[in-house]
Amino acid sequence: MQLASLPIAVIMQRRVIEHRWADEAWSAIAVLTDPGGLPPMQPLPSSGGREAYMVSGLELQLYPDENDGYFENWIAPASKVFVMWRMLEGRAMPLKASVSYAEGTRMFDSGEAADGVAMPPDIHNWLAGYLREHYQPRDPGERHGRRARSQER
């Protein structure tokens with residue numbers, strides 16, 4: 001059951017590279033909240049072998065079964081928004097974004113193209129509000145069954 005969502009836009013970038021097997025590299029480079037009214041895809045100023053564009057229409061969606069992953073990412077020294085993307089019609093297009101560390105790890109492990117980009121302060125604050133309302137850290141002993149065993153004695 002989804003408990004919260006936030007519309008976002010993702011800035012994607014194509015860089016020209018000199019490499020034996022590739023002429024270009026694609027990546028997600030930023031995420032920002034979408035105030036609404038943004039075009040689905042908007043070219044951004046480009047220079048020096050770099051092309052950037054903003055893609056709107058995505059949402060960060062928060063579910064209670066990912067709360068531990070949200071918390072781990074939120075307390076990290078450099079919190080990230082994880083973006084999974086695919087090449088569609090010659091462009092890298094973001095398909096999904098998450099603020100769960102665990103879901104980000106699954107994106108990277110899946111073999112899909114994914115990037116972790118710096119979490120903007122407004123998204124970090126939004127996530128903090130969600131965690132205050134919906135997250136209760138576990139007792140460290142509970143994770144490993146120690147509490148249950150110690151109470152049996």
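The values are calculated or read from the model by the stated rules, or taken from the named source; none is laboratory data. In this text the structure is predicted, and so the values were computed from the model without any measurement. Here Cβ is always computed from backbone atoms with ideal geometry, including for glycine, and neighbour counts include all displayed protein chains. Accessible surface is based on the protein model in full, side chains and every heavy atom, while ligands, DNA and RNA are left aside. Shrake-Rupley method; radii C 1.70, N 1.55, O 1.52, S 1.80 Å.
Keeping all protein chains in place, calculate the accessible area per residue for the range 23-141 (probe 1.4 angstrom), answer in Å².
On a per-residue basis, the range 23-141 sits at 54 Å².
Summing -39500 (n - 2.57) over the DSSP H runs of n ≥ 4 in the chain and dividing by its residue number, what mean residue ellipticity at 222 nm do you reach, to the nearest 500 deg cm²/dmol?
Result for the chain: -8000 deg cm²/dmol, rounded to the nearest 500.
Once amide H atoms are placed 1.01 Å from N in the peptide plane, what residues at a sequence separation of 5 or more from ALA4, or on another chain, have their amide H within under 5 Å of its amide H?
Residues meeting the amide H criterion: LEU62.
Mind checking which of SER110, PRO40, LEU6 is farthest towards the positive end of the chain's charge dipole, using Cβ charges of +1 (Lys, Arg) and -1 (Asp, Glu) about the Cα centre?
It is SER110, whose Cα lies furthest towards the positive end.
Please get the size of the charge dipole for the chain, origin at its Cα centre, with Cβ charges of +1 on Lys and Arg and -1 on Asp and Glu, quoted in debye to the nearest 20.
380
Peptides 114-120, 47-53, 78-84: what's the order by average Cβ count within 10 Å, highest mean first? Intermediate values should be presented prior to the final figure.
Numbers: 114-120: 19.0, 47-53: 12.7, 78-84: 20.7.
Top of the packing list down: 78-84, 114-120, 47-53.
Tell me, what ³J(HN,Hα) does each residue in the range 22-38 have, in order and in whole Hz, if you take phi through Karplus 6.51 cos²θ - 1.76 cosθ + 1.60 with θ = phi - 60° and put x for Gly and Pro?
Along the range 22-38, the couplings run 8, 9, 8, 10, 10, 6, 7, 10, 6, 10, 9, 5, 9, x, x, x, 7 Hz.
Select one label from [x] 49; [y] 64; [z] 41: the one whose number is percent of Cα pairs over 24 Å apart as derived from the coordinates shown.
[z]
Karplus couplings for the range 49-55 from phi (6.51 cos²θ - 1.76 cosθ + 1.60, θ = phi - 60°), rounded to Hz, Gly and Pro as x?
My calculation for the range 49-55 gives x, 10, 10, 10, 8, 9, 10 Hz in order.
Would you pull out the residues with amide H under 5 Å of GLU24's amide H, same chain only if 5 or more places away, H placed 1.01 Å from N?
HN-HN under 5 Å from GLU24: ILE17.
Using a 10 Å cut-off on Cβ atoms, rank the peptides 125-132, 35-42, 55-62 from the highest mean neighbour count down.
Going from most to least packed, we get 55-62, 125-132, 35-42.
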